[in-house]
Amino acid sequence: MELETLEQVAEVEPGVTFTYMTFNGQVPGPFIRTRVGDTVDLIIRNHEDNSMVHNVDFHACRGPGGGAEATNVAPGEERQLRFKVTYPGAFVYHCAVANVDYHISAGMFGIILVEPEEGLPEVDHEFYLGQHELYTNGKTGQKGHHEFDFTRMAMEDPTYVLMNGEKYAITPDNYAEMNVKTGETARIFYGVGGPNLFSSFHPIGSVWDEVWEQGALASEPMRYVQTTPVLPGSACVATMSFPVPGDFKLVDHALSRVARKGALAIITAEGPEDTDVFDPVR
Ligand SMILES: [Cu+2]
């Protein structure tokens with residue numbers, strides 16, 4: 001597989017721009033799907049227009065730095081790394097150069113899934129979300145281009161806390177990418193790049209039917225979980241069902257991050273009402 005590192009200006013919300021650093025032009029980086037026993041053959045390319053060195057540390061890789069030194073790549077260059085995935089789970093990968101916190105904050109993280117040998121059970125939908133914090137020299141919502149702010153990062157005082165790289169990116173008013181029918185099931189892969197804040201991941205109006213905390217798929221899942229902690233540099237795998245229609249908000253239950261800083265995604269379920277389960281009587 002190929003990862004290309006890109007430094008590119010994009011909107012955080014309408015009228016607010018930031019110079020992101022990405023794997024393959026997306027935040028979170030591409031979802032890498034493997035199975036126990038696979039060998040990952042990675043080419044990492046650093047675009048010639050970039051100004052910084054980048055690399056990648058896979059938490060699914062046993063080896064120095066998770067591959068970081070072996071993939072250190074200067075602008076205009078490429079490196080190759082092969083590694084075998086030997087244990088199952090959903091793992092974060094991220095850039096790990098000297099200013100690792102800056103590079104993750106700017107968008108350089110994603111999930112590599114290592115399925116168990118027998119694979120994962122069938123579900124109707126799979127969704128992929130990644131949360132991270134953006135530290136800028138502007139106020140939240142202040143129009144114009146925001147520069148990165150190292151002081152605010154050191155104070156762990158983010159301007160934005162984002163799911164999938166933009167304020168309210170995966171919601172009906174924006175990209176509207178999570179749509180299901182009542183009676184269906186969904187599996188959510190949710191990674192937290194951080195670099196600093198852990199998330200209290202909660203589905204409003206529902207529960208996680210199953211949660212594999214830390215993405216530890218070799219363990220038994222917890223059942224009917226309201227809010228699951230997801231640490232920076234970790235992930236969770238959770239399943240959800242939709243007995244009744246409506247919008248189901250996936251949030252970091254540190255709710256100021258939702259109301260003011262962008263940490264929200266929405267699954268929309270369509271289908272018939274079931275008044276036995278939910279009945280707004282009048
Ligand atoms: Cu980097």
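Residues that are open to solvent by 10 Å² or more (accessible area, probe 1.4 Å) and aromatic (Phe, Trp, Tyr) within region 120-136 comprise PHE127, TYR128, listed in sequence order.
Among the candidates THR39, THR22, THR17, which residue alone is modelled with pLDDT of 95 or more, in the same structural domain as GLU77 (by TED's automatic domain parsing), out of contact with any Cys (no Cβ under 9 Å at 6 or more places or on another chain) and farther than 24 Å from ILE170 by Cβ? Break it down into steps so the answer makes sense when it comes.
Values: THR22 fails: farther than 24 Å from ILE170 by Cβ; THR17 fails: farther than 24 Å from ILE170 by Cβ.
Of the residues listed, the single one that is modelled with pLDDT of 95 or more, in the same structural domain as GLU77 (by TED's automatic domain parsing), out of contact with any Cys (no Cβ under 9 Å at 6 or more places or on another chain) and farther than 24 Å from ILE170 by Cβ is THR39.
Hey, does region 112-133 have a residue that's in the same structural domain as GLY194 (by TED's automatic domain parsing), within 15 Å of the ligand (Cβ to nearest atom) and either among the aliphatic types (A, V, I, L, M) or part of a strand (DSSP E or B) (or both)? Scanning region 112-133, I find at least one residue that is in the same structural domain as GLY194 (by TED's automatic domain parsing), within 15 Å of the ligand (Cβ to nearest atom) and either among the aliphatic types (A, V, I, L, M) or part of a strand (DSSP E or B) (or both), so the answer is yes.
On the basis of being open to solvent by less than 40 Å² (accessible area, probe 1.4 Å) and touching a Ser or Thr at 6+ places or on another chain (Cβ under 9 Å), does VAL9 make the cut? Lay out the reasoning, then the answer.
On the way: open to solvent by less than 40 Å² (accessible area, probe 1.4 Å): no; touching a Ser or Thr at 6+ places or on another chain (Cβ under 9 Å): yes.
No.
Does any residue in region 98-123 that is aromatic (Phe, Trp, Tyr) come within less than 7 Å, Cβ to Cβ, of a residue that is more than 16 Å from the ligand (Cβ to nearest atom) six or more places away or on a different chain, and which pairs are these? Matching pairs, first to second residue: PHE109/GLY191.
Scanning region 170-194 for residues that are of a type outside the set (A, V, I, L, M) and under 12 Å from the mean Cα position of the chain (by Cα) yields a total of 5.
Take the residues of region 134-168 that are on the phi > 0 side of the Ramachandran plot and assigned to a loop (DSSP other than H, G, I, E, B): which is farthest from the chain's Cα centre (by Cα)? I'd like the intermediate steps shown before the answer.
Filtering region 134-168 down to residues on the phi > 0 side of the Ramachandran plot leaves 141, 144, 156, 164-165, 168.
With assigned to a loop (DSSP other than H, G, I, E, B) added as a condition, the list becomes 141, 156, 164-165, 168.
Working: GLY141: 22, GLU156: 19, ASN164: 6, GLY165: 9, TYR168: 13 Å.
Only one residue tops the list, namely GLY141.
For region 220-248, give me each residue that is part of a loop (DSSP other than H, G, I, E, B), open to solvent by 40 Å² or more (accessible area, probe 1.4 Å) and of a type in the set (A, V, I, L, M). The answer is LEU231, and nothing else.
Where in region 18-110 are there strands (runs of 3 or more DSSP E), lying wholly inside it, with at least 1 residues that are open to solvent by less than 30 Å² (accessible area, probe 1.4 Å), in contact with a helix residue (DSSP H, G or I) (Cβ under 8 Å, 6 or more places away or on another chain) and within 15 Å of the ligand (Cβ to nearest atom)?
Filter on region 18-110 gives 39-46, 89-94.
The values are calculated or read from the model by the stated rules, or taken from the named source; none is laboratory data. These numbers were taken from a predicted model, which means no experiment stands behind them. Cβ atoms come from the backbone with ideal geometry, glycine included; neighbour counts cover every protein chain shown. Areas reflect the complete protein model, heavy atoms only, side chains present, ligands, DNA and RNA absent. Shrake-Rupley method; radii C 1.70, N 1.55, O 1.52, S 1.80 Å.
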